[in-house]
Amino acid sequence: MSTDHDVLRERLITVLFDDGDERRHATLCEVLAWLSADRTISFAALQPHQRHPWHAFLVQLGAIALERAGQDELPTEASAWEELLLGLTDGAREPWCLVVEALDQPALLQPPVPEKKIGVLKNLVATPDALDILLTTRNFDVKGQRAVAGAAEHWLLALVAKQTFEGFGGAGNYGVLRMNGGFGNRPCMAFAPSSRWSDRFRRDVAVWLEQCGRLVDDYGYDPEGPALLWTLPWDGKACRSSRGLHPFFIESCRRIRLQSIEHGLVAHTGTSAKPRIDSSDSAGDTGDIWTPVQASSKKEGLAALTIASAGFNYRKLHEILFGDWQRPAALRLRPSDGDAPVVVAMALVRGQGKTDGYHERWIPIPAKTRRMLAQPDGGEHLGIRSKTQLDRASEAGRSVLKPAVCTLLQGAGDLDYTDKRVQPWLDRLDARIDDRFFAELFDTASLDTDAARVRWDRVLVALLRRTFLEALGETPIPDVHRYRTRAAAEGRFHAALRRSFPEATAAPQTTTEEQAHA
């Protein structure tokens, strides 16, 4: 049987050591060994939107291998990882090869084709980025089909993203189970000891292993069930239930086969009559350790988080961290997270026939806040403080900046608050608040309630003055009304500022320009 690109033996993954000082090519087993051994590595060919799919694939694969072997210690030798991974496929190497000529046999993340004819997969994909989950048909921001010299490594990374993070792509093109609907996404919300790949890998493997029993009880999974769905034949007509799958199962949502040609690889893809796994009742609630869930508004049970085009702004993160979302297992602090962990948030936002942006955010947690969160009521206390900051931020935009800028745009008479021209300055203020929100929240967590509120109010006042000063300089005003309009806007702004933030504006006043500069 002809095979090519065995990822357990062929060094096709480009790894950077120690912040890029050293570059090597590695097998999948060597990558897992280095991550387990706490080496500082990163991946040269990885695109930003592929970071979470690649991390999730490595973590789930490692957790499956350890759980099936009945061990919880991560091997630090590549040979040990090869033995564990081959144990998942009964010694067969075909499921670890990117190209397997015999279509009735599995290839890596490519289910067997029972028809044994490549012609049933009617679409030919010439480049790995065209296979990937980024929609580039509009050909701006990221150009389409640019990876004309894509190596096997690029196909591997695109295949991982496609098969484990893809959504609905039109008739016959179904997505993964682990998202809420075909136009949803599979976000990552987690704590981590640091941004190092090895720290996150070792932590999240442990989290999956600890969740095994709960996932079996709550979701009907089976530790003896199928774990690598690409090893099971699929004709595109059958749709299986998630019950009975391994708790850490790795999906393969599309019919795909890679083929070697003279100058590299191409992919043959086909449609299916049904999704690989029935998602009609799950709403993305699968026990994924990175995905928050909450009570569904459309059906009984829980629904997975879907990140919108606004991304992980401070309002959304407040909602997830302190609101009514059930935090996933990876978003619960562990003793091994150290004195200064980080919050990790990642998502590729999907839309109907478009991509609404890749969003990634890392929020460091200071040691004093980490100690507070370790206390029984620490999270509740911080949530109350966050809600206060959120409410004051809303007051700043709604009651102070918006009326003043509306006056600049409309004149000194009655105001139309539905005027959409004010939105750019509101967005600018919001972005500045977003930059300061969590740093101020954590820095003032140990202060008493009134002191923390006044300090946050002073931050908001400074941001309001800066943004309003810019609006004064940027808003087009007819010369005949200029002085009257500016005087009315400034009067309305300062009156609202004193009314909404009396303690923060109690100090002697300087000119608007001096305050903004300060």
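The values are calculated or read from the model by the stated rules, or taken from the named source; none is laboratory data. Because the structure is predicted, anything quoted here is derived from the model rather than measured. All Cβ positions, even for glycine, are placed from backbone atoms using ideal geometry, and neighbour counts span all protein chains on display.
I'd like to check which strands (runs of 3 or more DSSP E) are fully inside the stretch 11-76 and have at least 2 residues that are among the β-branched types (Val, Ile, Thr). Break it down stepwise before answering.
On the way: elements: 13-17, 22-26, 41-43.
Answer list for the stretch 11-76: 13-17.
The residues in the stretch 379-405 that are touching a Lys or Arg at 6+ places or on another chain (Cβ under 9 Å) and buried (at least 20 other Cβ atoms within 10 Å of the Cβ) can be counted, and the count is 6.
Can you spot a residue in the stretch 114-121 that is touching a residue at least 60 places away in the same chain (Cβ under 8 Å), under 29 Å from the mean Cα position of the chain (by Cα) and in the same structural domain as Phe43 (by TED's automatic domain parsing)? Talk me through it step by step, then tell me what you get.
Residues of the stretch 114-121 touching a residue at least 60 places away in the same chain (Cβ under 8 Å): 114-115, 118, 120-121.
Remaining after also requiring under 29 Å from the mean Cα position of the chain (by Cα): none.
No, that holds for no residue.
Let's see how each residue does on (1) modelled with pLDDT of 95 or more; (2) of a type in the set (A, V, I, L, M); (3) in the same structural domain as Asp377 (by TED's automatic domain parsing):
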residue	(1), (2), (3)
Leu408	no, yes, yes
Lys420	no, no, yes
Asp427	yes, no, yes
Leu463	yes, yes, yes
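Just one of the listed residues (Asp235, Asp204, Asp199, Asp218) is crowded, with 22+ Cβ neighbours inside 10 Å, in contact (Cβ under 8 Å) with a residue 60 or more places away in the chain and not basic (Lys, Arg), and it is Asp204. Considering the conditions (1) at pLDDT 95 or above; (2) not in a loop (DSSP other than H, G, I, E, B), Arg350 is excluded by exactly one of them, (1).
Considering the conditions (1) over 30 Å from Ala171 (Cα atoms); (2) among the hydrophobic types (A, V, I, L, M, F, W, C); (3) in a strand (DSSP E or B), Leu333 is excluded by exactly one of them, (3). Put simply, of Asp419, Asp434, Asp427 the only residue that is closer than 25 Å to Gly311 by Cα and either touching a residue at least 60 places away in the same chain (Cβ under 8 Å) or buried (at least 16 other Cβ atoms within 10 Å of the Cβ) (or both) is Asp434.
Mind checking which residues of the stretch 393-416 are in contact (Cβ under 8 Å) with a residue 12 or more places away in the chain and more than 25 Å from Thr485 (Cβ to Cβ)? Lay out the reasoning, then the answer.
As a first pass, look at the stretch 393-416 and keep what is in contact (Cβ under 8 Å) with a residue 12 or more places away in the chain: 393, 395-397, 399-409, 411-412, 415.
Once the filter is applied, which keeps residues that are in contact (Cβ under 8 Å) with a residue 12 or more places away in the chain and more than 25 Å from Thr485 (Cβ to Cβ), the stretch 393-416 yields only Ala393.
Considering the conditions (1) farther than 19 Å from Thr164 by Cβ; (2) out of contact with any Gly (no Cβ under 9 Å at 6 or more places or on another chain); (3) surrounded by fewer than 21 Cβ atoms within 10 Å (Cβ to Cβ), Cys29 is excluded by exactly one of them, (3).
Regarding Asp414, is this residue surrounded by fewer than 19 Cβ atoms within 10 Å (Cβ to Cβ) and closer than 24 Å to Ile365 by Cα? No; evaluated as a whole, the condition is false for this residue.
When restricted to residues that are crowded, with 16+ Cβ neighbours inside 10 Å and within 16 Å of Met189 (Cβ to Cβ), the stretch 343-363 contains 12.
Just one of the listed residues (Leu103, Leu134, Leu124) is modelled with pLDDT under 95 and either farther than 26 Å from Ser36 by Cα or assigned to a loop (DSSP other than H, G, I, E, B) (or both), namely Leu134. When the stretch 437-458 is filtered for residues that are surrounded by 17 or more Cβ atoms within 10 Å (Cβ to Cβ) and closer than 18 Å to Asn313 by Cα, the ones remaining, listed by number, are Phe437, Phe438, Glu440, Leu441, Phe442, Trp456.
When the stretch 280-320 is limited to residues that are more than 13 Å from the chain's Cα centre (by Cα) and at positive phi, the one that is surrounded by the most Cβ atoms within 10 Å (Cβ to Cβ) turns out to be Gly284.
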